[in-house]
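These notes concern the structure reproduced below.
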Amino acid sequence: MIDLFSWPTPNGQKVHIALEETGLAYTTHAVNIGAGEQFSPEFLAINPNHRIPAIVDQDGPAGKLALFESGAILVYLADKAGNFMPADAAGRYVCLQWLMFQMSGIGPMFGQFAHFNAYAPEKLDYAIERYRKEARRLVGVMEKRLKQEPFLAGTYSIADMAAWPWIHVGATRSFEWDDYPKVKAWHDVIEARPAVQRGMALLAEHRRPGPMDEKAKDVLFGAKQFEKR
């Protein structure tokens, strides 16, 4: 049994989707990041970087195993399930390449755009446009790839699961679908998968119904609780 500690954000959702796709048994523990639950001693014992998601596998390779960082978790789940990662060495590295593309590019750049566009205390046009342009550039890289292959690693894999939630929320915010028809087709094929729908429904009742309040902003962007520890 795998214990999942998460919240309905794109980084959490990619692991939710992977757990549903692989069919591995898991139990969900909601970590309210707006309320600061990621700073609790119990969660910090699992992830000292106080970020969701994290997992604890009671049946790891050498007993109980705790993992944080969503990319590492996706690789672990694919290896454990023996699926959604190409079996041949070359294919595995291509998959990891596109997984790292999401981890180092799409996630951070889309996240920075969202921050400066929606949450920063003052509107900084330079920052907003810098990250908007970078987000569009990255989607353009995906568009070129998806003209060659139906999925990022050739076949559906954890690389697609990693990128999909970010593209899903990024559409109409940092880019327009009409500019990236291959990405739109890829998005829609993945969205139709039952496991993806179940993964996106996980913890969905906790999604914020309106604008983020100042207390939540202070917790998420100031990290003051962590600084005190």
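The values are calculated or read from the model by the stated rules, or taken from the named source; none is laboratory data. Every value quoted in this text rests on a predicted model; they were computed, and no experiment measured them. In this analysis, Cβ positions are derived from the backbone assuming ideal geometry, glycine residues included, and neighbour counts consider all displayed protein chains.
Observations, loosely collected:
- Positions within the range 172-184 being closer than 14 Å to Tyr131 by Cα and of a type outside the set (Lys, Arg), in sequence order: Ser174, Phe175
- Candidates Gly107, Gly71, Gly36 - the one that is touching a residue at least 24 places away in the same chain (Cβ under 8 Å) and more than 24 Å from Thr22 (Cβ to Cβ): Gly36
- Residue within the range 56-63 that is crowded, with 17+ Cβ neighbours inside 10 Å and not polar (S, T, N, Q) present: yes
- Hits in the range 72-87 - residues which are out of contact with any Gly (no Cβ under 9 Å at 6 or more places or on another chain), surrounded by 17 or more Cβ atoms within 10 Å (Cβ to Cβ) and part of a helix (DSSP H, G or I): Ile73, Leu74, Val75, Leu77, Ala78
- Enumerated helices (runs of 4 or more DSSP H) restricted to the range 188-229, each holding at least 1 residues that are surrounded by fewer than 15 Cβ atoms within 10 Å (Cβ to Cβ), aromatic (Phe, Trp, Tyr) and modelled with pLDDT under 95: none
- Glu42 fulfils the conditions (1) within 24 Å of Trp166 (Cα to Cα); (2) in a helix (DSSP H, G or I) except for a single criterion, (1).
- If you go through the range 88-102 and keep only what is among the hydrophobic types (A, V, I, L, M, F, W, C), buried (at least 19 other Cβ atoms within 10 Å of the Cβ) and under 30 Å from Glu129 (Cβ atoms), you end up with Trp98, Leu99, Phe101.
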